[in-house]
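Inspection log for the structure reproduced underneath, given as structure tokens.
The values are calculated or read from the model by the stated rules, or taken from the named source; none is laboratory data. The structure presented is a predicted model; accordingly, all values stated were derived computationally and were not measured. For neighbour counting, all protein chains shown are included, and Cβ atoms are generated from backbone atoms with ideal geometry for every residue, glycine included.
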Amino acid sequence: MSLPDGRATVPRPLARMPIEIEKKYRLTKTQRRAIEQRLREVSLLPGELEHEENTIYRGGVLERPGCALRLRRVNGRAKLTFKQRRPSKSAIKHQDETELAIADADAMAAILAALDFRPGLIYEKRRTRWHVGTAIVVIDELPFGLFMEIEASVREIKRVEKLLSAENLPAVMETYPALTRQLGEMNRGVIEARFAPVRRRATSRKGVG
């Protein structure tokens, strides 16, 4: 691109995206109860239970390794997030992340479809969130297991690990989309990991006579 007088313009650099730093752990039910008990012992209470449906899109630049575009519906709200993971062999992962609140998730899905981005994965999640100092601790239930994440600086993650006696918990390197790709089921061209529908108990009515 050039100016009217013929001088070339220099493209402006993109704004730097915030960096998300977190570590993920796999939990058993017993370990989950122990973590939650420890959090309550230090007088911490969880936020509301978050019911999520996460759609990961494909197409265009999203086919590049480490890139993800996610539309999340949670408790009547919605967020659109773009992530780009930084290469690392550490269990503490660093990724560039840009996120914005969406007023109408269905309208955003229609815009993404018009731009030729299409759903590749869908996974459901039940999340409980705790604030521990400057760290965020979440306990996640997915159709394929229980997990915990600590999001904070590297130093704070290690401090919270000790507080929760979590240093020896097995770390998980895979993202939830990667686990969904491995463990989900194909449904009309989209890999899905959904909870089984809750069955209502049939109520018997006694005749009146």
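For this structure, a couple of remarks:
- Looking only at the range 162-200, and only at residues there that are without any contact (Cβ under 8 Å) to a residue 24 or more places away in the chain and in contact with an Asp or Glu (Cβ under 7 Å, 6 or more places away or on another chain), the one that is nearest to Gln84 (Cα to Cα): Glu185
- First in the range 127-151 and farther than 15 Å from Leu169 by Cβ and touching a residue at least 60 places away in the same chain (Cβ under 8 Å), second anywhere and small (Gly, Ala, Ser) and crowded, with 17+ Cβ neighbours inside 10 Å, Cβ under 8 Å, 6 or more apart: Glu151/Ala135
- Taking the criterion of being in a strand (DSSP E or B), among the aliphatic types (A, V, I, L, M) and surrounded by 13 or more Cβ atoms within 10 Å (Cβ to Cβ), the residues of the range 81-113 that qualify are Ile92, Ile102.
- Within the range 115-134, the residues that satisfy the criterion of being surrounded by fewer than 20 Cβ atoms within 10 Å (Cβ to Cβ), of a type outside the set (Lys, Arg) and over 26 Å from Arg58 (Cα atoms) are Thr128, His131, Val132, Gly133, Thr134.
- Hey, Arg86 at pLDDT below 95, within 17 Å of Lys24 (Cβ to Cβ) and over 14 Å from the mean Cα position of the chain (by Cα) or not: yes
Residue by residue, here is whether (1) at pLDDT below 95; (2) of a type in the set (Ser, Thr, Tyr); (3) closer than 28 Å to Ala196 by Cβ; (4) out of contact with any strand residue (DSSP E or B) (no Cβ under 9 Å at 6 or more places or on another chain) holds:
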site	(1), (2), (3), (4)
Leu100	no, no, no, no
Ala107	no, no, no, yes
Ile111	no, no, no, yes
Asp116	no, no, no, yes
Leu121	no, no, yes, no
Ile136	no, no, no, no
Phe144	no, no, yes, no
Phe147	no, no, yes, no
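- The residues on offer are Arg86, Arg73, Arg58, and the sole one that is over 23 Å from Ile21 (Cα atoms) and touching a strand residue (DSSP E or B) at 6+ places or on another chain (Cβ under 9 Å) is Arg58.
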